[in-house]
């Protein structure tokens with residue numbers, strides 16, 4: 001397969017569910033040595049590297065007690081049953097709408113949203129075993 | 001830019017622990033459109049791991065069948081029952097130059113390196129440790145000298 005034809009352009013983010021956000025934040029900042037991108041009450045984002053098309057490659061930690069963000073996005077897996085919150089894969093901005101239609105056409109329940117502070121558009125959908133996937137693209141106009 | 005002293009250069013791999021490999025591989029190949037890099041049958045265990053190329057770089061997404069038993073599925077993780085998470089492990093890439101010093105640094109602050117190894121087909125070396133909540137982390141460096149002339 002020609003690499004340029006791949007819809008997925010890179011690993012955008014891995015997000016894990018944590019019990020003790022402060023302790024985990026400290027570990028990933030001080031032990032693993034990652035740069036904090038944003039810390040909020042219930043989550044912290046670390047920048048791992050420059051990513052595809054203006055996006056940063058991130059590691060995110062989400063407080064397991066805060067369900068608001070992905071409440072209805074992961075089907076089939078109880079939040080207590082996995083430390084994986086979701087995985088984000090980079091797609092190109094020009095493929096965003098066609099990918100949304102393609103996934104919906106396959107019968108997947110797709111949740112489209114934007115994250116203003118990251119300047120990204122996202123599609124969330126579950127894999128067959130209930131892991132939450134995100135197709136994400138950087139979009140400068142999302143503010 | 002990264003922090004100037006940041007050893008971690010990128011996310012190299014995310015591995016999922018999967019129950020129904022046929023179902024999951026169809027999805028990741030046909031729906032997500034990922035290209036198979038390698039299928040690994042294990043020498044001492046039933047079960048298989050499939051590695052997919054993601055993007056233009058060295059990044060992988062991998063599916064590890066849950067019946068695949070290896071060191072990482074034994075009782076190494078103190079807090080997480082391996083059956084209770086779909087995350088097998090994830091890998092950060094680090095520079096080969098930093099490989100030994102990072103290992104020493106982590107050991108020096110009391111982190112147990114639970115496994116070290118090389119992958120001939122990936123031409124890389126890696127070591128593993130747990131975060132405070134039991135997620136398995138891999139530090140991995142590309143090393144062309146690993147696996148040369150083999151296979």
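Could you work out which residue, out of A:54, A:12, A:105, moves most in a Gaussian network model of chain A, that is, has the largest mean-square fluctuation with Cα springs under 10 Å?
In this elastic network of chain A, the residue with the biggest mean-square fluctuation among A:54, A:12, A:105 is A:105.
May I ask what percent, to the nearest 5, of DSSP beta bridges between residues of the protein assembly as shown are antiparallel?
The antiparallel proportion sits near 75 percent.
How far is the Cα center of the stretch B:11-37 from the Cα center of the stretch B:107-151, in Å?
22
Please report the base-10 log of the normalised intensity I(q)/I(0) for the stretch B:14-69, using a Debye sum with one equal scatterer per alpha carbon and no solvent, at each q in 0.20 (1/Å).
-0.67
So what's Rg/Rh here for the stretch B:88-151, counting alpha carbon atoms and using the Kirkwood radius for Rh?
In the stretch B:88-151, Rg relative to Rh is 1.00.
What shape does the protein assembly as shown take by its C-alpha gyration tensor, where a ≥ b ≥ c are the square roots of the eigenvalues and a/c under 1.5 counts as rounded, a/b above b/c as prolate, and the rest as oblate?
Verdict is rounded for the protein assembly as shown.
Over the whole of B:85-94, what's the average partner chain Cβ count within 10 Å per residue? Rounded to a whole number, please.
Average per residue, whole number: 5.
What per residue convex hull volume, in Å³, do the alpha-carbon atoms of chain A yield?
121
Every number here is computed from the coordinates shown, using simple stated rules; none is lab data. If you're wondering where the values come from, they're calculated on a predicted model, not measured in any experiment. When we count neighbours, we look across all protein chains shown, and the Cβ atoms used for this are built from the backbone with ideal geometry, even at glycine.
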